[in-house]
Each structure stands twice: as C-alpha cells, then as structure tokens.
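Written below as structure tokens is the structure these notes are about.
The values are calculated or read from the model by the stated rules, or taken from the named source; none is laboratory data. Computed from a predicted structure; not experimentally measured. As a convention, Cβ positions derive from the backbone with ideal geometry for all residues, glycine included, and neighbour counts pool all protein chains shown. The accessibility values were calculated without ligands, DNA or RNA, using every heavy atom of the protein model including side chains. Shrake-Rupley method; radii C 1.70, N 1.55, O 1.52, S 1.80 Å.
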Amino acid sequence: MGMTMTQKILAVHAGLDQVTAGQLIEADLDLVLGNDITSPVAIHEMEKMKVDGVFDKDKIALVPDHFVPNKDIKSAEHCKCVREFAKKNEITNYFEVGQMGIEHALLPEQGLTVAGDVIIGADSHTCTYGALGAFSTGVGSTDMAAGMATGKAWFKVPSAIKFNLTGKPSEWVSGKDVILHIIGMIGVDGALYKSMEFTGDGIANLTMDDRFTIANMAIEAGGKNGIFPVDELAAAYMKEHSTREYKVYEADEDAVYDEEYTIDLSTLRPTVAFPHLPENTKTIDEIAEEIKIDQVVIGSCTNGRLDDLRIAAKVLKDRHVAEGMRCIVIPATQKIYLQAMEEGLLRTFIEAGAIVSTPTCGPCLGGYMGILAEGERCVSTTNRNFVGRMGHVNSEIYLASPAVAAASAVTGTISCPCQLA
C-alpha cells in the first residue's frame, strides 16, 4: 500500500519503512516551537521531569509574540520565564523584542523550517510550515516539554484528504479565499485529525504567501496538518531563506485518501466567514444585506506577510478609511515591517487613516491592540471568529482576505475592492 507525503515523512523520522493510518509511532523532531503563552507551561513541566537541559539547543525556537511587547505584569513575567530559560539553556533561536515577529511568519523567514522536517509547536497554527513540504502540527505544552527534553514525540499516523487544485485565481482572490472556501465546503471538523494534502497544477498559480495562509488554517478544518508539494517556487524560497538541506517527499501513486476534492481556483470568489465559525462562509456576491463594521485588522500569522500588506495598500492607496473606523495593520515580522516601510506601504496606511503596529498576535486572540466592545463588529484577516475571540462575547468577527478587509475599511461595510468606485 502506498503512502501519502505526510506518511512518508513520518515513516523516515520513526525509522520505519512503512506506516499506515492509525498507527502509533515515535518520531524524531527537527524543531520544537513555543511562544510566550505556551512555553512557560512547558518549562515548568520540564522542571518536574528533572532533566539535564534540552535535547538540542539549535532545534528549539522560542518566540514571544502573543502579548509582546509586554501587555501587563503577567505577560512580562511569562516573557521573563522564557527569556531566563533560553539564556540558561543557550537556546540558539530565541527571538526577543527587536528581532521577533509572529512565530509562523518568522520561522520560515529565518530558514528554520524546510521540506521533509517534522516540527511540533505549542501553538495550533504550527501547521503553517506544510507550505514548504514539512510535516508540522500543533501540540500541547506537555508534549512541547517532552519534545524539548527528548527530541521525540508520539504521533498517531493521520489518514489524508486530497485537494486537487486547478486553474488560476481571479483578481482579488487569494489563498485566504481558497482555504475559507474549503472550510465552508467540508466544515470545521471535516478533516478531523487528517492530513490535508494539496496537489494539482493550480498550485503553480499560488504564491508562497498564499500557501502559508492555506496551510496555516488547516487546523480550522480540524486537520492534523496541511501540506504542499515542493515545486520550484518552494525550492527557491528555501534557497533564499535557509542554509539547511531539505528533502522532498512525494505521495505514492497508490496512496490512500479518505476523500478527494477538485477545486477550480478560477471559479472562486472573495469569501467571508461570518460569526461564529470559520465554516460559516459566504462569497461577496451572496452578501445581500449591508453589514456595518467598527474595526478592521490586517495582520496575524495568517495574513501579515508582505503580499498581504501590498494588496491592502493597493486598495487603500489614495483612499481613506470610513469615518469612525478603526483600521489596524500589523506586519508579521520586523523584516516585513522594514520592507513595507521601504516600499512606502506604511505611508499609504497612515495617510489612509490606519495605524501600524509592531509585530504581535495581539488582537487575534483578544489579547490587546484591538479588543472589541459589546456589539462591535470587526473584519479581520485572522483565523478564528469564535464567540468572544477578539473581546466581548457579544462582539462579532468576520474573517476575510486583506483585499476585502481593506475595502471594508474604506466603505465601513463588508465590501470587495471590485465594489469600490
């Protein structure tokens, strides 16, 4: 029986010739990730284990990004805990304020994730690195602690769903629209503990930033991971950002999939997920009523990359956000921030009446830098719109692409750039 991409990667890291869906394995890890919320819990668990340091100081990444710069005393104590642990164990890849960014944008940019890796992170959106052909998945803080101590993790080998992507997206349709379409189609548990494996000639028409976005939100369909084949674009990205060797795995022709879907990208339209689940999707053409909004957030580990900022700036150029509108733009890393500044994107945002924040996850999880009051509505390029996710339990979040978010900021209602005068 053939194996999927994910199964091949896991087999090699488990030292096995073959694995099958449902099999329990112990696999070697190439990278263990934690942030300022999850790392302190893992660090305290490691202290209980009474282990002598970490398994490999070069294969751990600690990225304070959720409440950073420190929001309050508690967040400052969390960061202090991580900082002291990193110093004590001489962690190579510790990213303090000034070097940091949102973890899932920062790690690929730093060349720490490459094709063929097995990566765990104490953050659910660790599945982002599947865009580069790696197996990456979120775990709990206890599993992170065990990973830092031993360099190994237990997995149940996932079965898979194949998504065959064809065609070319039209203007204003991006990776965010693709993944929202898929989640709307299969539901938030449609890929529960399964590998979402993307294939097809349409992938060539998706940028790396599109692919990072799609892989990032695999978890919102319940997926264990999302993964893309390694083509010339992915190889070029890794060559530009990393000095590490990578290994390409391809699914066998007789690999077994639980389901297979074909999606013609040319037929997709800008898509919005309505409250309070990512599966509650409508295309921009299906939104009949005028939905007034109070805030727009453009950023996060899903859509804070350079392509996202360029698209938002293209929409906002020579326009102004609606009266009373709060538009918050958050570049995902310092490098992206600097590039956006050099390209004049930050000037465009500020002249349009938006504000630009230092890299942070802040508003996505209701942390800070954009909390919603009772009754307020936000169009956000983040990944979750659960009840109370960004603030008051009676607020509402509409998930959308940077293009739709920027257009909505201009009109004050949920809009597409194609609807702007």
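For the reader, a short list of remarks on this structure follows.
- Scalar couplings 3J(HN,Hα) for the range 224-232, obtained by applying the Karplus form with A = 6.51, B = -1.76, C = 1.60 to θ = phi - 60°, are 5, 7, x, 8, 10, x, 8, 10, 4 Hz; x denotes Gly and Pro.
- Positive-pole candidate from Val68, Ala406, Ser380, dipole of the chain, charges at beta carbon: Val68
- Selection from Thr271, Gln295, Ile311, by position along the positive dipole direction of the range 267-392 (Cβ): Ile311
- Counting only Cβ charges, +1 for Lys and Arg and -1 for Asp and Glu, the dipole size of the chain around its Cα centre is about 900 debye.
- Less than 5 angstrom separates the built amide H of Ala61 from those of Val32, Leu33, Gly34, all sequence-distant by 5 or more or on a different chain.
- Taking θ as phi - 60° and the Karplus parameters 6.51, -1.76 and 1.60, the scalar couplings of the range 162-176 work out to 9, 10, 8, 9, 10, x, 10, x, 7, 4, 6, 9, 10, x, 4 Hz in sequence order, x denoting glycine and proline.
- Residues Lys317 and Val393, FRET efficiency given R0 of 41 Å [Cβ-Cβ distance, rounded to 0.05]: 0.65
- Under 5 Å, built H, 5+ apart or other chain: amide partners of Gly391: Leu372
- List Arg319, Arg384, Arg305, ordered by accessible area with a 1.4 Å probe, largest first: Arg319, Arg384, Arg305
- DSSP bridge analysis restricted to the chain gives an antiparallel fraction near 20%, rounded to the nearest 5.
- Only helices enter the 222 nm calculation for the chain: every DSSP H run of n ≥ 4 contributes -39,500 (n - 2.57), and dividing by all residues gives -8500 deg cm²/dmol, rounded to 500.
- Amide N proximity, the range 65-105 versus Asp58 label position 7 Å along Cα-to-Cβ, cut-off under 18 Å: 89-95
- With all protein chains kept in place, the per residue accessible area of the chain amounts to 39 square angstrom at a probe of 1.4 angstrom.
- Taking the 1.4 Å solvent-accessible surface of the range 204-324 as the whole, the part contributed by carbon and sulfur is 45%.
- The slack between Trp154 and Leu16, meaning 0.36 nm per residue of separation minus the straight C-alpha distance, is 48.3 nm.
- Dipole in debye (nearest 20) - the range 299-391, about Cα centre, beta carbon charges: Lys, Arg +1; Asp, Glu -1: 180 debye
- With every protein chain in place, the range 63-119: carbon and sulfur % of accessible area (1.4 Å): 52 percent
- With each label modelled as a point 7 angstrom along the Cα→C-beta vector, the Ala235-Glu77 pair spans 5.2 nm.
- Charged-residue dipole, Cβ positions (Lys, Arg, Asp, Glu), the range 1-138 about Cα centre, Debye nearest 20: 180 debye
- Taking all protein chains as they are arranged and a probe of 1.4 Å, the heavy atoms of His78 leave approximately 60 Å² accessible to solvent.
- Gyration tensor verdict on the range 163-272 (Cα atoms; rounded if a/c is under 1.5, prolate if a/b is larger than b/c, oblate otherwise): oblate
- Whole-Hz ³J(HN,Hα) from phi, Karplus 6.51 cos²θ - 1.76 cosθ + 1.60, for the range 102-116, glycine and proline x: 6, 3, 7, 8, 6, 5, x, 4, 7, x, 8, 10, 9, 4, x
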